[in-house]
1. Quick query: amide H of residue A:78 versus all other amide H atoms, modeled in the peptide plane; which residues come in under 5 Å with a sequence gap of 5 or more or a different chain?
2. Using the Karplus curve 6.51 cos²θ - 1.76 cosθ + 1.60 with θ = phi - 60°, work out ³J(HN,Hα) for each residue of the stretch B:628-640 in order, rounded to whole Hz, and write x for Gly and Pro.
3. Quick one: accessible area per residue over the stretch B:944-1071, 1.4 Å probe, rounded to a whole number of Å²?
4. Which order do B:972, B:51 take by accessible area at a 1.4 Å probe, largest first?
5. Output the antiparallel fraction of DSSP beta bridges having both residues in the stretch A:36-160, as a percent to the nearest 5.
6. What FRET efficiency, computed as 1/(1 + (r/R0)^6) with R0 = 41 Å and r the Cβ-Cβ distance, is obtained for residue B:38 and residue B:18, rounded to the nearest 0.05?
7. Calculate the all-directions average of the projected area of the stretch B:1020-1088's alpha-carbon convex hull, and give it in nm².
8. Quickly work out the residue B:160-to-residue B:560 label distance, labels modelled 7 Å from Cα along the C-beta direction, and quote it in nm with one decimal.
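The values are calculated or read from the model by the stated rules, or taken from the named source; none is laboratory data. In this text the structure is predicted, and so the values were computed from the model without any measurement. Here Cβ is always computed from backbone atoms with ideal geometry, including for glycine, and neighbour counts include all displayed protein chains. What goes into the accessible areas is simple: the full protein's heavy atoms, side chains included, and nothing from ligands, DNA or RNA. Shrake-Rupley method; radii C 1.70, N 1.55, O 1.52, S 1.80 Å.
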Amino acid sequence: MVSGLINANPVIYEKKERRARTAPSAPHDEKVDNCNTNIFLTFSNHIRDIKDPEHPYSLEELKVITEEAVEVDDQRNYVRVTFTPTVEHCSMATIIGLCLRVKLMRSLPLRYKVDIRVAPGSHATEAAVNKQLNDKERVAAALENPNLLDMVDECLAPSYD
Amino acid sequence: MAEATQLTRHIESYVDSSSSLTHQAATLNAIAALVKTDALPLQALVRELDMYLTTTDNVIRARGILLLAEVITRIESKPLDSAIIHSLVGFFKDRLVNWRAVRGALVGCLALIRRKSVVGMVTGSDATAIAQSFLQYMQVQSLGQYDRKLCFELLDCLLERYSDVVTTLGEDLIYGICEAIDAEKDPECLMLAFHIVESLAQLYPDSSGLLASFAKDVFDILEPYFPIHFTHPSSGDTPVQRDDLSKSLMSAFSSTPLFEPFVIPLLLEKLSSSLHSAKIDSLKYLRVCSSKYGAEKIAKYARAIWSSVKDTLSTYLGEPKFSFTIAPVDGIGFPENEIGIEALSLLQQLIVQNSKKKKLHAIGRILYITAKSTISSCNAVFENLFSRMMDDLGFSVSNADSFSNGDIFTSQRVKFGFLYLCIELLAGCKELIVGSDKPALQYVFEHETCCIMLHRFSTQLLNAFGSVLAVSAERCPLDPDIYIGVKGLQILATFQSDVFPIQKSIFENILNKIMSIIMEDFEKTILWESALKALCHVGSFVQMFHESEKAMSYRSLVVEKIVELLSLDDITLPFSLKVEALSNVGMTGRKNMLTILQGLGTAVLANLSKVHRNVRSSETAVQLLECYSCKLLPWIHENGGTEDFAVQFALDIWSQAGNCMDFSAPFVEKGLLDAIMKAMKLSVGSCVVESQNLIIQNAYSILSSHTNFQLKEVETLPLTPGKYDISLRDEGIISLFASVVVAVHPKTHIPDIRVLMHLFIITLLRGVVPVAQALGSILNKLVSTSNSAENSGDLTLEEALDVIFNTKICFSSTDMLQRCNGTSNGNEMVLTDICLGIANDRLLQINAICGLSWIGKGLLLRGHEKIKDITKIFMECLISGTKSALPLIKDSLENTEEQIQDPLVMKCAADAFHVLMSDSEVCLNRKFHATIRPLYKQRFFSSVMPIILQLITKSYSSLSRSFLYRAFAHIMSDTSMVAILSEAKKLIPVLLDCLSMLTEDIQDKDMLYGLLLVLSGMLTEKNGQEAVIENAHIIINCLIKLVDYPHKMLVRETAIQCLVALSELPHARIYPMRTQVLRAISTCLDDTKRAVRYEAVKCRQTWWVHNFFFIECVQFYLVQLLLYLPIFTFLLDLLIGRQCHPEVFISEVQYQLP
């Protein structure tokens, strides 16, 4: 175990105001909700609330992810999330990436291909991290590690409240 | 050697407790001087003291240790070796254990801790050791006052100087401190204790840190000290004053925002305490705390703080000795009153923290308070501020009369802020006047400055407010402008005239102004609505204070004008808005309501009379009637108005119905007829018995004289439905009559009831539903034979039942011969026979079943036995085509046994259960005086459900089973959960079958949803759990089919929520279903509705967690196994599906925790 925290004093940013979920205007109305809002919803309701592995703050508060960093192409079923670790050598980057992937895996329809990457220039071993995060087998293997899975579930827990 | 002997003597004399204090001090100083000048090294002293420090005599040992400690205190500026310090620390900290020598140990520790770094200080680890030993052994509260003080000093010092190392002690430290402070009473010690808490808060500033979890405990200890109050008057020689202590406590309170949830409510509570000092303290503390905690945290208390400060201000500013020196807006001088000052400085603090807009608001509120507190303050404000504001607004005292037309405002934008302040000021002044109800004061007011000034400027103000609205009427009006304009007008209009007479012309001008908005500006919704609200406010004010003159103006200018609007077609104001204005204005007072009702009545009748010529008037009448039955009638009922109008209205409608002599056309069209019936029912329902008698007599005479029904013949001749071809007009009139019958009181006498019942039975077979409701209502309200001995003239319940169930209905033989397949008594049968389809006429049968269901409802509500027979008839309809399971009707059905019922008839019979069980709005409810037996639904449920279940299992034809399910669904959806839960085990399988049956037809979606709600209720109730666990598999299978039900979003959402609830069940039961659920839910992630997607994500998460939790358990046991059986590693890995790729393992290592 490393004794100290990797980033002991992170900068905390303000949370963005939540767009209030418009009350379902007419529940009997089978109109199709705009599909792009699907992803917006994913971001606003799910990703932003993921807890940082080492601090009691959400990823949004640490500006690890922002709303702009989520790119969605609904026609081509493609989602790309770019996140920015707080420090360059952050060894938590893989964990954060894993949390994002698991979260999206559980909340998005299967048709989406999810691409998760570290923002260019924000991490020392950018290529390695990106490779690791987008390797299906490695992710699957990681999720079979009970310790890791505990950690991921802990980070995801607040976003389901 | 001489020195040594001298030293011994010194020591001896100090240790000897009998020597005097001064002597002791002198010897101590002598020894210290020796050590300080290096004449005696410290080591030598310790060696010399050896015996005293270790002797078993407690007194001497204590003195010895104290001597050493005091010497060290005195040589604090002498540099010492770190090794010496270390050993001294070791010595003293160990002595803390021994309570007899505790003072020396404390003094020694304190002296060491206080050493500065230049002369050699205690190391961090030593400090920790002292702290640990202190926390472990010291029982602070069992010591004497001086020792306690030492303890607190030591703690304080530790926190101050070694904050970084003591932080690591964590919980122990906080516990220790709490224990030490708890119940401390000495002021000096408390000063230190409060300071310790403050330092502690700085140690753990983190909002989710260690202190956060103890904040409540720490604060619980501090709380009793507030407000600081000395029970014994201080004689002056105590070193600590009350104020110092209070300040110290204040800094402890405000030390960390973590205390915020406890502090603020406490302070607010104490603000209302009767203790003077408590009030002042609370205000002070509030101010400091709000500045320390920050605006964000305080924001949520703003309202509470404001209201208590307001109370304080108005109480204490109104004291008689208070002399008011007024100043401009930005610097209002307040009297030398401590509470007032504190309250204001708190306000100032709050205001500074807020934005500019709120500043304006705050000033407005202060003006309001000042104006409303006393006459003199009100006068002062008016004298100084009001005229200034008027100047700024552009009218001064000198030209007050020249600008009375108000034109000057149209060009320039009236200053918002000033008008806002004006309003607040006026509102305060009004409150003042309203509040002083002593008649003696009334005379005074008229000659007060404020009133004089108000008089002088009232025209200008009116113009100003009016122009705000006028200016904004050209553009899109801004909300604040509307607020100011309307509110200003409203306030001006609501000054009490006997205290402060406002000119009649001004009042009328105001009303005209608002009315013009009502009539013209209906497109600007906000403006229109606020104007209407103001109008109503003025109206109810006028009523409340009995202002006869104003009431006259109001009635002529507002009420009558609005009534007039109803008849004017040329005005562009939409009719729905007219009706809204009408109802709102009517609700301002009883007299106004009467005028309005009169107007409404005339309008309705006028429209009714030209229904046939004018299509629009029918719509108008519907709107008016809706307004009458939904808004006005309930208001009259609530406010105790007379029922005269309701009676008159009902009679008028009846005479209108009688006048309509056109037999071929319907009396009125369907929508209007429904509206009239509703209004009629509600009117009749709200009357007393005598009025109801009057109405029903009147109605009966019209029914008998103006229709084609030959009432006299009905009873004598056999009933033959074919004979009466009911005209549409007659149908309308009999429906209207039925609606009267539905609403009457049980005691009301219905004329010729037997004839009417016959008539109703015939019309019922024609498919007139209201008539069936009336029959049900009659049966529900009639008295039964046993308790109606005194009134033999009336029909009893038993007789009525006899009429309904035993009256033979004849069919003209030509008709019957063709249809009836040769039954012996083919052309005479009773109602129940028709229900069973003996007449062989489908339409007739459906009408009969529908009618019977309402009759049954009437009986069910009063809990009559006959309902059982009726239920059996419905069931017979449902199951016919299969072998009859009911012995009772078996023989009567022999001839129809082979014949299969029409599906429509069966559906009607199934839906009859809906009529029986659901709460009806149109009849048989409390409003219409129905007799309702408590828990009738449960009773019906428990008697019918076993039969239905039995029939379902026995029924072989899928058709009849599906209709049995339908009936089942109706009964389930309307029964209370308690009854269902007790039978849950038997019901769940049927319920699930029923759910999957209902998915087949799109029209059943509402029924499906209702039933699903029942299921979800069972899942969430604790009592239902057992049955649910047993059937978990089939429930999940059923729900999985429902999660993509395309026709109703609520069904999908509820199904997914049910799945979430199911994930709480014991693991072993649901684990096998996991994959299936996850697969089904994953399609829902792509649902078209957002709410469904959201629920799907939640559901998936809960099921995933289960999934992994299970694998974890498996893995745990496997790992245990692996330890003993390494050989099987490979096999077991295969077992849990993990493939042994070398790559995978490498990456897994990378993912290992740091």
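1. Close amide H contacts, sequence-distant or interchain: A:73, A:113.
2. Taking θ as phi minus 60°, the curve returns 5, 7, 8, 10, 5, 4, x, 5, 4, 4, 6, 8, x Hz for the stretch B:628-640.
3. Accessible area per residue, the stretch B:944-1071: 41 Å².
4. Sorted by accessible area, descending: B:51, B:972.
5. Taking every DSSP beta bridge within the stretch A:36-160, about 45 percent pair in antiparallel fashion.
6. 0.80
7. 4.5 nm²
8. 8.5 nm
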